[in-house]
Amino acid sequence: MLFRALLIALSAVALSAAPALAGGGGGHGDANAKAKTPAKRQITTLVSWIDVDPFTVSVIQRQGVTGTFMVAFGIDVPDEALRARAEAILPRLRNNWLLSINQYAGTNLRPRTQADIESLSARLQRVTDETLGKPGAKVLMSNAIVQIE
């Protein structure tokens, strides 16, 4: 009985200490946290380039989730006013791109086939032009990876 009480007490102490240990010292040194975070590597030095974080979506077939589809791209917007608009509505652009990529993954990807990059790029270009309200931004694909389980 004493052993069980000791085991419960030690477990409670260990569980209560875990968040403090995971927090990195209880908040001390937060000023240096930004210095420790590595800078995001830029793909290009073009001022007109807007880097888009990669998208990863599930590939769903009849029996359920059968894999993942990862798409990485960026947009080149030479027009300064249009680039400012694109940066301002980037969350809306990301949402529309995600919906389009998700639809593509659910309807166009098949087991043991590659993604049609031209079709996907044209789809993302159309979504970009519609969301921005006019053409002028160019979608440039970096990669598209299909992983079917």
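Residues that are β-branched (Val, Ile, Thr), surrounded by 14 or more Cβ atoms within 10 Å (Cβ to Cβ) and either modelled with pLDDT under 95 or under 21 Å from the mean Cα position of the chain (by Cα) (or both) do not occur anywhere in the stretch 102-122. Listed conditions (1) part of a helix (DSSP H, G or I); (2) under 21 Å from the mean Cα position of the chain (by Cα); (3) not hydroxyl-bearing (Ser, Thr, Tyr) are all met by residue 140, apart from (1). Does residue 97 satisfy being touching an Asp or Glu at 6+ places or on another chain (Cβ under 8 Å), at negative phi and hydrophobic (A, V, I, L, M, F, W, C)? Judged against the criteria, residue 97 is not a match. Residue count for the stretch 44-55, restricted to those that are surrounded by 14 or more Cβ atoms within 10 Å (Cβ to Cβ) and not aromatic (Phe, Trp, Tyr): 4.
The values are calculated or read from the model by the stated rules, or taken from the named source; none is laboratory data. Since this is a predicted model, take the numbers as computed values, not measurements. Backbone-built Cβ (ideal geometry, glycine too); neighbour counts: all protein chains shown.
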